[in-house]
Amino acid sequence: MGQNWDIFCNVVDNYGDIGFSWRLARQLANEYGQKVRLWVDDLSSFCRICPEGRMIEAQHCKGVEVRHWSSPFPDVLPFDVVVESFGCRLPERYLEKMAQMPQKPVWVNLEYLSAEDWVRDSHGMPSPHPKLPLVKYFFFPGFSRDTGGLLLEKDLLEQRDAFFSDPDSRSNFWRELGVDPKGRTRISLFCYENPALDSLFGAWAEGEEAILCLVPEGRIVRQVKDFFGSGPLSRGSLEVAVIPFVPQEKYDSLLWACDVNFVRGEDSFVRAQWAGKPFIWQIYPQEQEAHLKKLDAFLSLYCEELDSSAASAVGAMWQAWSGNGDAGSAWRNFIECRMELDAHGRSWAAQLSGNNLASNLLDFCRGRR
Ligand code: TRH
């Protein structure tokens with residue numbers, strides 16, 4: 001049965017908040033026939049990942065009603081399900097309206113992704129509002145069956161496999177991007193500023209393998225250019241191509257077309273897992289280094305089925321990329337395990353694909369109305 005959804009997205013910084021919310025909104029609307037209204041406070045971030053978007057108060061885009069979350073908040077009636085992405089605070093006025101409704105909306109706080117154990121116990125927990133007759137539920141994405149799972153579009157893995165098996169799709173992709181990868185190892189590099197970059201680039205430049213590194217336009221470009229000085233973006237075996245920031249759907253093709261992917265934040269981290277290629281995650285830094293615990297928790301799950309040398313190569317590479325170790329030497333061991341990591345990436349994606357966040361969320365909310 002169709003329900004109406006209000007999804008609230010407060011853009012803290014970068015593209016992860018809107019990237020996740022927009023993906024969820026599209027999936028609920030287009031795959032599950034739900035009516036979805038997405039409230040976003042920073043329309044410019046939205047337009048960056050969805051170039052058809054416009055800087056206007058209300059619009060319809062790809063089956064979703066996109067509204068500017070402005071202040072004062074407009075006088076609207078809440079929908080059946082209210083999702084606050086990443087614990088963003090709902091407007092007071094809207095919250096009061098929710099409390100006055102004869103049938104209260106299902107109110108969900110969709111939390112950050114983590115592989116830590118405590119997530120399983122917290123997933124689905126209710127939290128009554130201290131004053132209003134409302135209950136908020138915590139919904140945690142995650143990697144195991146007893147969490148909310150991960151966002152995965154219905155036919156994404158089939159599309160990926162079709163891309164892998166069709167040389168025309170791949171050559172069209174490179175042609176459209178205006179890049180000729182010419183038999184080189186292709187690496188996408190989506191990252192924050194990172195002191196480990198010089199050591200990694202040094203290893204790529206000095207290595208025997210020819211490398212084409214694709215860097216989406218963004219905050220890392222200045223550091224990339226500094227590495228090369230005033231000349232062209234190439235040294236030894238390494239060439240860098242700065243490419244445009246692509247619409248969200250196209251980002252998957254970039255991950256599929258590359259041999260190794262460097263990702264950051266939360267949403268690109270999940271997309272790299274669906275791509276099934278070897279990948280390196282630069283986790284979003286948190287206060288008191290809380291992110292390092294998250295990194296370890298994920299690494300122990302992801303590496304469980306790898307043999308010990310591949311597991312330690314992955315661990316060392318990821319740690320070095322997050323500031324602990326030398327990225328250049330870690331790279332040499334990491335890339336030695338490439339064949340094993342390729343095979344592992346495919347089975348890891350297949351294993352995760354049975355736990356779909358959007359359908360879990362639908363079931364969760366149906367059961368609470
Ligand atoms: O942009 P991010 O660093 O976002 C982060 C994280 O979400 C973090 O958890 C959050 O707390 C912080 O922001 C505020 O990285 P992330 O999550 O990978 O999001 C990037 C989005 O951008 C993702 O949806 C993919 C999309 N994207 C494109 O659409 N086109 C592109 O060319 C690229 C490189 C990315």
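All of the numbers you see were taken from the coordinates with simple rules; none came from a lab. Keep in mind it's a predicted model, so treat the numbers as computed, not measured. Methodologically, a virtual Cβ is constructed for each residue, glycine included, from the backbone with ideal geometry; neighbour enumeration extends over all protein chains shown.
In terms of the ratio Rg/(2.2 N^0.38 Å) built on C-alpha atoms, what value belongs to region 181-272?
Working: Rg = 12.7 Å, N = 92, 2.2 N^0.38 = 12.3 Å.
The reported ratio for this selection is 1.03.
Which of rounded, prolate, oblate describes region 291-369, given a ≥ b ≥ c as roots of the alpha-carbon gyration tensor eigenvalues and a/c under 1.5 marking rounded, otherwise prolate only if a/b is larger than b/c? Don't skip to the end; give the middle numbers.
Working: a/c = 3.63, a/b = 2.00, b/c = 1.82.
Here region 291-369 falls in the prolate category.
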For the chain, what log10 I(q)/I(0) values come out of the Debye formula at q = 0.13 1/Å, with one point per alpha carbon and no solvent?
-1.08
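Report Rg(Cα)/(2.2 N^0.38 Å) for region 135-223, keeping two decimals.
Values: Rg = 18.5 Å, N = 89, 2.2 N^0.38 = 12.1 Å.
Against the compact-globule rule of thumb, the ratio is 1.53.
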Using 0.36 nm times the number of residues separating residue 93 and residue 127, minus their current alpha carbon distance, what extension gain do you get?
10.3 nm
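Between residue 305 and residue 163, what is 0.36 nm times their sequence separation minus the Cα-Cα distance? Round to one decimal in nm.
Details: separation 142, 0.36 × 142 = 51.12 nm, distance 2.66 nm.
Value of the extension gain: 48.5 nm.
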Give me the dipole magnitude in Debye, nearest 20, for the chain about the Cα centre, with unit charges on the beta carbon: positive for Lys and Arg, negative for Asp and Glu.
980 debye
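At a Förster radius of 25 Å, what calculated FRET efficiency corresponds to the Cβ-Cβ distance of residue 336 and residue 31, to the nearest 0.05? Mind showing how you got there, number by number?
On the way: r = 40 Å, r/R0 = 1.60.
E between residue 336 and residue 31, to the nearest 0.05, is 0.05.
At most 12 other Cβ atoms within 10 Å and a DSSP loop assignment: could you name the trypsin sites (Lys or Arg not before Pro) in region 151-240 that fit? Can you show the working numbers first?
Numbers: sites: 154, 160, 170, 175, 182, 184, 186, 219, 222, 225, 235; in loops: 154, 182, 184, 219.
Of the trypsin sites (Lys or Arg not before Pro), the ones in loops of region 151-240 whose Cβ has at most 12 other Cβ atoms within 10 Å are 182, 219.
Taking the DSSP beta bridges in region 156-352 as the whole, what percent of them are antiparallel, to the nearest 5?
On the way: 2 of 19 bridges.
Bridges in region 156-352 that DSSP calls antiparallel: roughly 10 percent.
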Net length gained if the chain between residue 206 and residue 241 were fully extended (0.36 nm per residue, minus Cα distance):
10.8 nm
For region 211-254, max minus min Cα coordinate along each principal axis, in Å, sorted largest first?
33, 21, 11
Taking the dipole about the Cα centre of the chain, with the C-beta of Lys and Arg at +1 and of Asp and Glu at -1, give me whichever of 281, 213, 33 is farthest to the positive side.
33
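Report, in debye and to the nearest 20, how large the dipole of region 156-352 comes out about its Cα centre when Lys and Arg carry +1 and Asp and Glu carry -1 on their Cβ. Mind showing how you got there, number by number?
Details: 19 positive and 29 negative charges, 83 e Å.
With Lys and Arg at +1 and Asp and Glu at -1, about 400 debye.
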Within the chain, how many lysine pairs that are 8 or more places apart, or on different chains, have C-alpha atoms less than 20 Å apart?
14
Where in region 150-177 does the label zone of residue 52 land, with the point 7 angstrom along Cα→C-beta and an amide N cut-off under 13 Å?
none
Over the chain, what relative contact order in percent results from Cα pairs under 8 Å that are six or more residues apart?
15 percent
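How would region 233-297 be classified by its alpha-carbon gyration tensor: rounded, prolate or oblate, with rounded meaning a/c under 1.5 and the a/b versus b/c comparison settling the rest?
Values: a/c = 1.98, a/b = 1.48, b/c = 1.34.
Verdict is prolate for region 233-297.
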Given labels modelled 7 Å from the Cα in the Cβ direction, how far is it in nm from residue 184 to residue 117?
4.6 nm
Please state the charge dipole magnitude for region 143-185, taken about the Cα centre, from unit charges on C-beta atoms (+1 on K and R, -1 on D and E), reported in debye and rounded to the nearest 20.
240 debye
Please list, in order, the residues from region 138-181 whose amide nitrogen is less than 14 Å from a point placed 7 Å along the Cα→Cβ vector of residue 350.
157-158, 161
Rounded, prolate or oblate: which fits region 156-352 when a ≥ b ≥ c are the square roots of the eigenvalues of the alpha-carbon gyration tensor, with rounded for a/c under 1.5 and prolate only if a/b beats b/c?
rounded
